[in-house]
Amino acid sequence: MESSFAQTELSVRKPVQEIQQPKAEMIIEQPKAELIIDRTASRLSIDQTKAREDMDLKSVGRRIEEAAQQGYQDWLEGMARVAQDGNEMMRIEHGGGAIVRQAKRNSEGSQDQFNIGWIPSHFSVKIDYDPGRVEIRFKENSPNIQVQINKPVHEYTPGSTEVNLARYQSLKIDFENLRHVGTGGYEQTI
């Protein structure tokens, strides 16, 4: 008796998988911030009119005004002096030396006054300062972000396995000197 087993063969094809991830598409825009500056200019004013007058550097208008006032004052004093002199002369008959007094008064000048002073006088320069103002306003603008997500590209080829018989099983039986007695009286030589 001879026998052989069946043999199988496997034909395997491996699965193939490909995955690609495209990059996301992103657009970012950043609008500029808005800045507004309102400014009121500072102002410095210096009035040195009094200091210039103290140093006798007066304007023409001021000199004319002072001369007019001085002329008016001198005119009033002159009228008062002439009236006083006239009154004294009206009473000359009473004595008392009116002519001598008038002569002495007219020949002598007024006494000059002397004192220590500062030229220009203290606080004669007037300073006024307005510092001004600065107002700053700003507005932030948020960024504009747009994102498009791309799905992954996935390709899959499944694998396969084929099973075949490489060799079939076999059984060989060989008999020598064998007799078979069957039922019913049948006999056979194999």
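Looking for something touching a strand residue (DSSP E or B) at 6+ places or on another chain (Cβ under 7 Å), more than 30 Å from R52 (Cβ to Cβ) and either at pLDDT below 90 or among the β-branched types (V, I, T) (or both) - is there at least one such residue anywhere in segment 98-121?
No: zero hits.
Would you check if there is a residue in segment 27-34 being more than 30 Å from P143 (Cα to Cα), open to solvent by 70 Å² or more (accessible area, probe 1.4 Å) and of a type in the set (A, V, I, L, M)?
The answer is no; no qualifying residue exists.
Give the residue that is farthest from the chain's Cα centre (by Cα), with candidates limited to residues of segment 146-164 that are over 30 Å from Q30 (Cβ atoms) and open to solvent by 80 Å² or more (accessible area, probe 1.4 Å).
It comes out as V163.
Of (1) more than 30 Å from T157 (Cβ to Cβ); (2) open to solvent by 80 Å² or more (accessible area, probe 1.4 Å); (3) not charged (D, E, K, R), A98 satisfies all except one. Which?
Failing condition for A98: (2).
Matching residues to (1) more than 30 Å from R137 (Cα to Cα); (2) under 60 Å from the mean Cα position of the chain (by Cα); (3) part of a helix (DSSP H, G or I):
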position: D56; (1), (2), (3): yes, yes, no
position: R63; (1), (2), (3): yes, yes, yes
position: Q69; (1), (2), (3): yes, no, yes
position: E77; (1), (2), (3): yes, no, yes
position: N87; (1), (2), (3): yes, no, yes
position: I99; (1), (2), (3): yes, no, yes
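The values are calculated or read from the model by the stated rules, or taken from the named source; none is laboratory data. Bear in mind the structure is a predicted one, so any value in this text is a computation, not a measurement. Please note: Cβ atoms are built from the backbone with ideal geometry, for glycine as well, and neighbour counts cover all protein chains shown. Calculation scope for accessible area: heavy atoms of the full protein, side chains included, ligands and nucleic acids excluded. Shrake-Rupley method; radii C 1.70, N 1.55, O 1.52, S 1.80 Å.
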